[in-house]
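Colleague: Have a look at this one before I ask anything.
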Amino acid sequence: RMWAYSVGFTVLPHVGGFLGWFLNRKEIPEWYEKLKKPSWCPSRRVFPVAWTMLYTGMGYASYLVWNDLGGCGSKALVPMGLYGAQLALNWAWPPLFFGAQNLSL
């Protein structure tokens, strides 16, 4: 049963990442590719790999914290709340950046 928690926590960040990609998949080739970027900017093919690794690491780390603190008790409230807040911000930036197409944001 614990494996289900570890899988759930690990997969959760990917849900928002996938939705962000899905909502903005047209803006990437149409808008982002046309931006003037510095020479050191990686190819857009790097981003799915990098974000997959980041989201997997964040998800599994959240499971380890949750497990170490004994589940959904009062000890886990602050760390898991902070994790949830940063995850929500991570999920929010692609629609804001790509959707608004405003670099000032």
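Colleague: When the chain is fully extended, how far beyond the present Cα-Cα distance does Gln101 get from Leu35, taking 0.36 nm per residue of separation? Spell out each step's value before the answer.
Modeller: Numbers: separation 66, 0.36 × 66 = 23.76 nm, distance 1.03 nm.
Here the segment from Gln101 to Leu35 would lengthen by 22.7 nm.
Colleague: Multiply the residue separation of Lys26 and Arg1 by 0.36 nm, subtract the distance between their alpha-carbon atoms, and state the gained length in nm to one decimal. The partial results should precede the final answer.
Modeller: Working: separation 25, 0.36 × 25 = 9.00 nm, distance 3.95 nm.
Length gained between Lys26 and Arg1: 5.0 nm.
Colleague: Further question on the same structure: With r defined as the distance between the Cβ atoms of Gln86 and Arg45 and R0 fixed at 22 Å, what FRET efficiency is calculated, to the nearest 0.05?
Modeller: Working: r = 26 Å, r/R0 = 1.17.
Once rounded, the FRET efficiency stands at 0.30.
Colleague: Sorted by accessible area with a 1.4 angstrom probe, largest first, how do Arg44, Arg1 fall?
Modeller: Numbers: Arg44 115, Arg1 195 Å².
Most to least solvent-accessible, the answer reads Arg1, Arg44.
Colleague: Using a 1.4 Å probe, what is the accessible area per residue for the range 1-100, in Å²? Walk me through the intermediate numbers first.
Modeller: On the way: 6990 Å² over 100 residues.
Here the per-residue accessible area is 70 Å².
Colleague: Between the helical axis of 74-94 and the dominant principal axis of the chain, each derived from Cα atoms, what acute angle in degrees is found, rounded to the nearest 10?
Modeller: The angle comes out near 10 degrees.
Colleague: Also: For the residue pair Leu77 and Val15, what label-to-label distance in nm results when each label sits 7 Å from Cα along the Cα-to-beta-carbon direction?
Modeller: The answer from the label model is 2.3 nm.
Colleague: Compare the peptides 79-85, 16-22 by average per-residue count of other Cβ atoms within 10 angstrom and give them in order, highest first. Each step should come with its number before you reach the end.
Modeller: Details: 79-85: 13.1, 16-22: 15.1.
Packing proxy ranking, top to bottom: 16-22, 79-85.
Colleague: Given contacts defined as C-alpha pairs under 8 Å and at least six residues apart, what's the relative contact order of the range 1-100, whole-number percent?
Modeller: Numbers: 57 pairs, mean separation 48.3, N = 100.
Reported as a whole number, the value is 48 percent.
Colleague: As a test of the formula, what do you get for the chain when each DSSP H run with n ≥ 4 contributes -39,500 (n - 2.57) and the sum is divided by the residue count, at 222 nm and rounded to the nearest 500 deg cm²/dmol? Intermediate values should be presented prior to the final figure.
Modeller: Details: 4 runs with 71 residues, N = 105.
Calculated mean residue ellipticity at 222 nm is -23000 deg cm²/dmol.
Colleague: Could you rank the peptides 26-34, 58-66 by their average count of other C-beta atoms within 10 Å per residue, with the highest value first? Could you put the intermediate results ahead of the total?
Modeller: On the way: 26-34: 12.0, 58-66: 17.2.
Result, highest mean first: 58-66, 26-34.
The values are calculated or read from the model by the stated rules, or taken from the named source; none is laboratory data. What you see is a predicted model, and the numbers here were worked out from it, not measured in a lab. For neighbour counting, all protein chains shown are included, and Cβ atoms are generated from backbone atoms with ideal geometry for every residue, glycine included. Calculation scope for accessible area: heavy atoms of the full protein, side chains included, ligands and nucleic acids excluded. Shrake-Rupley method; radii C 1.70, N 1.55, O 1.52, S 1.80 Å.
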